[in-house]
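Peer 1: Just dropping this structure here.
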Amino acid sequence: MIDNQLVRCLNLTVMEKILREILKKAVNAQYAEVSIEIEIPKEEGFGDLSTPIAMGLAKPLKKPPRKIAEDIVNSIENKEIFEKIDIAGPGFINFTFSKRYLCDELKELIEKQDNFLIEDIGKGKRVQIEFVSANPTGPLHLGHGRGAALGAALSNLLTEAGYRVEREYYINDAGRQVRLLGMSVLAKYKQLIGIEYPFPEDCYKGEYIEDLAKEFKESQESRVKSQELKDEELLEEITDFAYKKMLDAIKKDLADFGVFFDSWQSEKVLYEKGEVVQAINDLKKRGYIYEKEGATWFKSTEFGDDKDRVIIKREGDYTYFAPDIAYHRKKIEKGFDEIIDIWGADHHGYVPRMQAVIQALGYPKEHLRVLLVQMVTLLRGGKPVQMSKRAGEFITLREVMDEIGTDTTKFLFLTRRADSHLEVDIEVAKAQSSENPVYYVQYAHARINSIFEKARQEAIGYRQEVIDFNGELFNEEEIRIIKKLLLYPMMFRNAAIAHEPHRITFYLQELAGMFHPYYHKHRVVSEDLEITKARLALCKAIQIVLRHGLKILGVKAPERM
RNA sequence: GCGCCUGUAGCUCAGUUGGAUAGAGCAACUGCCUUCUAAGCAGUGGGCCAGGGGUUCGAAUCCCUUCAGGCGCGCCA
């Protein structure tokens, strides 16, 4: 098998073909289907690309790996795209591309722009990504921010990779949590109008509860004639008011964070449209529903779950799981080719039962891909901060956003793998905000911009759309940067396949880390017109790549800083 | 007790899905602004990849095991 994931950039497809042809010639037929791995060596001295293929063949062929490597190299035909091909160490074959070839690719990058960078791996497939989906019972906290940043970046990434993406937020507006919110606000409201009213256990306690109560009093009291209502009716009014207010606040937070959704699916609406009942009937028809001890169960063990799950309690209420079934059935019916849920890792126990639902409905469990985002542990000056809406003690996304900025906040989340536990010390984050890596990347972009301004002032006559430069003029450092640029498509592809936007973040830092020293050392706009043109072309390419990466991350690419 | 995630520099984290001498940013210390932006650059120090076994040409990466931390194991949501 050819390792497709690694094969792409620097026209690797060509190389893959070459190597495979060669192998067929060089190796017995029975070994022709051997795995061809192609990698990027860590050490620069080992060329631009490398294959350990000879070592893998040593045993079956019963020949020394270096000898096999020699045979392979000798039978390579179109060597002109390479500057050299070395055999190194125990039998690595190292390929170094020619300047000529690299410059041709660079030109193509500048001409095709984003189209050079992306690869259509989605082929128009429709995918839905559901993320955040925080209960509308309080403001978003920092943990939600992580999900938001990831979901948005992944959506962008997959969109660029040729998928048709729908971003959805599932609103839990029907359950106990929302009722608790209503009760909390009701109690506060009663207290506000001077009525002795117990503040129930388990209720939400944040300051925002009081704000909601006040707001209700000011704007709704007269309308609903609350004095005349029974407590139960009043609770309904208040609950409705409160969660809608919270949802608006959440939408505002997300919009200010630069995160947008195409679809907002209400749990309540699922009930109202009878979709919960339909979903259960559907499963019943398929034979996965049964009654036991007065309750209604879903036979999730049929598909590998630990135990069967109750969907209708003995008292007749639905469990939380029931609307979730309806919700996922709805996703399926919308006809997506793939469904992605981004959940907090504390919900990981629900993955098997949800995938059981998918399978019960006749789809492979891979149809639903659940990405678990690990917990964000919050510290303040080294001490852990408990995150609890009920206790009313938590750090909001808004707070952090306002303090250190949206770009910095996003970058903070996107420089981590989703499944790494994340520790954020809010004091440290604030202290470091002015030296955050995000600025390093943005600064590179802004600097390039001012280079072009300079070029315009100097009347160099450079037109961004005209790519006319002499590649022979590039020095070592410039060649290194070009190689890095040409790696972007492979990195992009791998990030998209793995659903890991953080790879882009790291790549951008590396690229910026090559540009800044280069900038410092070499003047781009100089009296030598030919060199200037070549360097401007390089800068243009860097800017194209930076812009594309930042776009995916949802981070601004400023013209100046 | 069972399951999932994690353990890499003082701190926060990468490590191209098994490759060659393990990287970056902070923090610490030394230098550099009449030049296209110093949110930058140059340099120094810092490691038993949690421990132990195994698999093979080759392991931070795969398997087993021990330890440590986080999170789950409801007719809660």
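The values are calculated or read from the model by the stated rules, or taken from the named source; none is laboratory data. Because the structure is a prediction, the values reported are computed rather than measured. Ideal geometry is used to build each Cβ from the backbone, glycine not excepted, and the neighbour counts take in all protein chains shown.
Peer 1: As an exercise: evaluate A:TYR462 against (1) more than 21 Å from A:LEU106 (Cα to Cα); (2) at pLDDT below 85 and give the number of the one condition it does not meet.
Peer 2: Status for A:TYR462: all satisfied but (1).
Peer 1: Is there a residue in the range A:51-71 that is within 18 Å of A:LYS483 (Cβ to Cβ) and within 11 Å of RNA strand B (Cβ to nearest atom)? Quick ask: steps written out before the conclusion?
Peer 2: Narrowing the range A:51-71 to residues within 18 Å of A:LYS483 (Cβ to Cβ): A:51.
Of the ones still in play, those that are also within 11 Å of RNA strand B (Cβ to nearest atom) are A:51.
Yes.
Peer 1: From the set of residues in the range A:42-88 that are among the small types (Gly, Ala, Ser) and surrounded by fewer than 20 Cβ atoms within 10 Å (Cβ to Cβ), which is farthest from A:ILE479 (Cα to Cα)?
Peer 2: Of all residues in the range A:42-88, those among the small types (Gly, Ala, Ser) come to A:45, A:47, A:50, A:54, A:56, A:58, A:69, A:75, A:88.
Those still in the list that are surrounded by fewer than 20 Cβ atoms within 10 Å (Cβ to Cβ) too: A:45, A:56, A:58, A:75, A:88.
Values: A:GLY45: 14, A:GLY56: 31, A:ALA58: 34, A:SER75: 28, A:ALA88: 22 Å.
The qualifying residue farthest from A:ILE479 (Cα to Cα) is A:ALA58.
Peer 1: OK, next. Working only within the range A:298-327, note down all residues that are under 35 Å from the mean Cα position of the chain (by Cα) and among the hydrophobic types (A, V, I, L, M, F, W, C).
Peer 2: A:PHE298, A:PHE303, A:VAL310, A:ILE311, A:PHE321, A:ALA322, A:ILE325, A:ALA326
Peer 1: Within the range A:201-247, work out how many residues are out of contact with any helix residue (DSSP H, G or I) (no Cβ under 6 Å at 6 or more places or on another chain) and hydrophobic (A, V, I, L, M, F, W, C).
Peer 2: 3
Peer 1: Follow-up question, since we're still on this one. Residue check, A:LEU106 against (1) crowded, with 21+ Cβ neighbours inside 10 Å; (2) among the aliphatic types (A, V, I, L, M); (3) within 22 Å of the chain's Cα centre (by Cα), all met but one. Which one?
Peer 2: The number of the failed condition is (3).
Peer 1: Could you pull out the residue among A:ALA153, A:ALA187, A:ALA161 that is more than 22 Å from the chain's Cα centre (by Cα) and either buried (at least 22 other Cβ atoms within 10 Å of the Cβ) or not charged (D, E, K, R) (or both)? Step through it out loud before you land on a result.
Peer 2: Values: A:ALA153 fails: more than 22 Å from the chain's Cα centre (by Cα); A:ALA161 fails: more than 22 Å from the chain's Cα centre (by Cα).
When all the criteria are applied, what remains is A:ALA187.
Peer 1: Mind counting the residues in the range A:289-303 that are within 11 Å of RNA strand B (Cβ to nearest atom) and out of contact with any strand residue (DSSP E or B) (no Cβ under 8 Å at 6 or more places or on another chain)?
Peer 2: 3
Peer 1: Quick one: would you say A:ALA161 is within 16 Å of RNA strand B (Cβ to nearest atom), of a type in the set (Gly, Ala, Ser) and within 30 Å of A:LEU117 (Cβ to Cβ)? Full working, then the answer.
Peer 2: Details: within 16 Å of RNA strand B (Cβ to nearest atom): yes; of a type in the set (Gly, Ala, Ser): yes; within 30 Å of A:LEU117 (Cβ to Cβ): yes.
Here the answer is yes, as A:ALA161 does meet what is asked.
Peer 1: What number of residues within the range A:517-561 satisfy the criterion of being within 8 Å of RNA strand B (Cβ to nearest atom), in a helix (DSSP H, G or I) and surrounded by fewer than 14 Cβ atoms within 10 Å (Cβ to Cβ)?
Peer 2: So the answer is 3.
Peer 1: Looking at this structure, is A:ILE76 farther than 20 Å from A:LEU486 by Cα and modelled with pLDDT of 85 or more? Write out each step before concluding.
Peer 2: Values: farther than 20 Å from A:LEU486 by Cα: yes; modelled with pLDDT of 85 or more: no.
Spelling it out, it is not the case that A:ILE76 is farther than 20 Å from A:LEU486 by Cα and modelled with pLDDT of 85 or more.
Peer 1: OK, next. Going by the structure shown, is A:LEU397 touching a residue at least 60 places away in the same chain (Cβ under 8 Å), buried (at least 18 other Cβ atoms within 10 Å of the Cβ) and farther than 26 Å from A:LEU180 by Cβ?
Peer 2: Values: touching a residue at least 60 places away in the same chain (Cβ under 8 Å): yes; buried (at least 18 other Cβ atoms within 10 Å of the Cβ): yes; farther than 26 Å from A:LEU180 by Cβ: no.
So A:LEU397 fails the test.
Peer 1: Let me ask another. If I filter the range A:44-61 down to residues being out of contact with any Phe, Trp or Tyr (no Cβ under 8 Å at 6 or more places or on another chain) and modelled with pLDDT under 80, which single residue comes out as farthest from A:ASN494 (Cα to Cα)? Let's see the steps before the verdict.
Peer 2: Initial filter on the range A:44-61 (out of contact with any Phe, Trp or Tyr (no Cβ under 8 Å at 6 or more places or on another chain)): A:44-45, A:53, A:56, A:58-59.
Still in the list and also modelled with pLDDT under 80: A:44, A:59.
Details: A:GLU44: 22, A:LYS59: 31 Å.
Looking at residues that are out of contact with any Phe, Trp or Tyr (no Cβ under 8 Å at 6 or more places or on another chain) and modelled with pLDDT under 80, I get A:LYS59.
Peer 1: Report whether or not A:VAL132 is outside any helix (DSSP H, G or I) and away from RNA strand B (no atom under 16 Å from the Cβ).
Peer 2: Numbers: outside any helix (DSSP H, G or I): yes; away from RNA strand B (no atom under 16 Å from the Cβ): no.
So A:VAL132 fails the test.
Listed here are the residues, each with its yes/no results for (1) more than 9 Å from RNA strand B (Cβ to nearest atom); (2) crowded, with 18+ Cβ neighbours inside 10 Å; (3) among the hydrophobic types (A, V, I, L, M, F, W, C).
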position: A:LEU378; (1), (2), (3): yes, yes, yes
position: A:LYS383; (1), (2), (3): yes, no, no
position: A:ASP402; (1), (2), (3): yes, no, no
position: A:ASP419; (1), (2), (3): no, no, no
position: A:ASN436; (1), (2), (3): no, yes, no
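Peer 1: Restricting attention to the range A:196-226, and to residues there that are of a type in the set (A, V, I, L, M, F, W, C) and at pLDDT 90 or above, which single residue is surrounded by the most Cβ atoms within 10 Å (Cβ to Cβ)? Walk me through how you get there before you give the answer.
Peer 2: First, the residues of the range A:196-226 that are of a type in the set (A, V, I, L, M, F, W, C): A:199, A:203, A:209, A:212-213, A:216, A:224.
Still in the running and at pLDDT 90 or above: A:209, A:212-213, A:216.
Working: A:ILE209: 24, A:LEU212: 26, A:ALA213: 23, A:PHE216: 23.
In this case the residue turns out to be A:LEU212.
Peer 1: Quick one: which of A:THR409, A:THR415 is modelled with pLDDT of 90 or more and within 9 Å of RNA strand B (Cβ to nearest atom)?
Peer 2: Values: A:THR409 fails: within 9 Å of RNA strand B (Cβ to nearest atom).
Sole residue among the options that is modelled with pLDDT of 90 or more and within 9 Å of RNA strand B (Cβ to nearest atom): A:THR415.
Peer 1: Separate question: Only one of these is more than 11 Å from RNA strand B (Cβ to nearest atom) and either surrounded by 15 or more Cβ atoms within 10 Å (Cβ to Cβ) or touching a residue at least 24 places away in the same chain (Cβ under 8 Å) (or both): A:ASN475, A:ASN494. Name it. Don't jump to the end; show me each part of the working.
Peer 2: Numbers: A:ASN494 fails: more than 11 Å from RNA strand B (Cβ to nearest atom).
So the residue among A:ASN475, A:ASN494 that is more than 11 Å from RNA strand B (Cβ to nearest atom) and either surrounded by 15 or more Cβ atoms within 10 Å (Cβ to Cβ) or touching a residue at least 24 places away in the same chain (Cβ under 8 Å) (or both) is A:ASN475.
Peer 1: Then there is this: Looking only at residues in the range A:498-511 that are near RNA strand B (Cβ under 7 Å from one of its atoms) and among the hydrophobic types (A, V, I, L, M, F, W, C), which one is surrounded by the most Cβ atoms within 10 Å (Cβ to Cβ)? Full working, then the answer.
Peer 2: Of the residues in the range A:498-511, the ones near RNA strand B (Cβ under 7 Å from one of its atoms) are A:498, A:500, A:502-503, A:506, A:509.
Subsequent filtering for residues that are among the hydrophobic types (A, V, I, L, M, F, W, C) retains A:498, A:506.
Working: A:ALA498: 12, A:PHE506: 15.
Filtering the range A:498-511 for residues that are near RNA strand B (Cβ under 7 Å from one of its atoms) and among the hydrophobic types (A, V, I, L, M, F, W, C), the one surrounded by the most Cβ atoms within 10 Å (Cβ to Cβ) comes out as A:PHE506.
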